[in-house]
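**Student:** There's a structure below that I have some questions on.
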Amino acid sequence: MNEEHLLRIQAITEAALLTAGKPLSLEQLRELFTEDERPARQVMEHVMMLLESACEGRGFELKKVASGYRLQIREEYAPWVGRLFEEKPQRYSRALLETLALIAYRQPITRGEIEDIRGVTVSSNIIRTLLEREWVRVVGHRDVPGRPAMYATTKQFLDYFNLTGLDQLPPLSEVRDLEEIGREIEKNMQAEIEFESPAAGESDEQTLH
């Protein structure tokens, strides 16, 4: 495959990623092409390397997350880009971040187990917000009386927090408490550049000023 053909595939890939508004996997990118012109997976992997190199020194980067690849603003430029938008980035309460951190590190985990660790009741609004944002999902039910739901994180959680896997979460040994874990996760929120609107029905309990 000659250089001109590779550059064409790269340009098509870049256009698709700019348009999609969500991560695209290699297979989704390959499906953009008709069967007779579809590049092999190894070729697409090479194209992604070319595209990544092409982004060097620019205001955006090619980022691989759990669901695939996306083009996104580099984190260091977020303060300037953020001034384009009137809506302020959403902040999350200590209770929500602690709950999310426990699910991420202890999954699968039940609401009761979260309450046992935190020592306080988990608000139904918090669980609903996490489910509505598709950061967590029910993966089963604990085989105990009442069969409580067990929660785990999702690919959307990884995508939103700019992660490819749970192994990229900050090590527990490097943080002092659950809130610090939550703030470390929140700090990595590339998705605030995308300025998603707050989840519907979120109460004051869930949002810090």
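**Student:** Taking amide H positions as placed in the peptide plane 1.01 Å from N, state which residues far from Thr110 in sequence (5 or more) or on other chains have amide H under 5 Å from it.
**Tutor:** Tyr151
**Student:** Read phi for every residue in segment 96-107 and hand back ³J(HN,Hα) as whole Hz from Karplus 6.51 cos²θ - 1.76 cosθ + 1.60, θ = phi - 60°, with x for Gly and Pro.
**Tutor:** Here the 3J(HN,Hα) series is 5, 5, 5, 5, 5, 4, 5, 5, 5, 8, 10, 4 Hz.
**Student:** Still on this structure, please answer the following. If eta is 0.692 mPa s and T is 37 °C, what Stokes-Einstein diffusion coefficient results for segment 1-50, Kirkwood Rh from Cα pairs, in µm²/s?
**Tutor:** In µm²/s, the coefficient is 299.
**Student:** Okay, next question. In angstroms, what radius of gyration and Dmax does segment 57-153 have, counting Cα atoms only?
**Tutor:** 17.5, 57
**Student:** Ok, one more. What percentage of the solvent-accessible surface of segment 1-135, computed with a 1.4 Å probe over protein heavy atoms, is contributed by carbon and sulfur atoms?
**Tutor:** Ligands and nucleic acids excluded, carbon and sulfur give 49 percent.
**Student:** On to the next question. Just how much of Leu169 is accessible, in Å², when a 1.4 Å probe is used and the result is rounded to the nearest 10?
**Tutor:** Leu169 exposes around 20 Å² with every protein chain in place.
**Student:** While we're looking at this one, here's another question. So who's got an amide H within less than 5 Å of the one on Arg74, skipping anything under 5 residues away but keeping other chains? H placed 1.01 Å off N, in plane.
**Tutor:** The answer is Phe60, Glu61.
The values are calculated or read from the model by the stated rules, or taken from the named source; none is laboratory data. Keep in mind it's a predicted model, so treat the numbers as computed, not measured. Areas reflect the complete protein model, heavy atoms only, side chains present, ligands, DNA and RNA absent. Shrake-Rupley method; radii C 1.70, N 1.55, O 1.52, S 1.80 Å.
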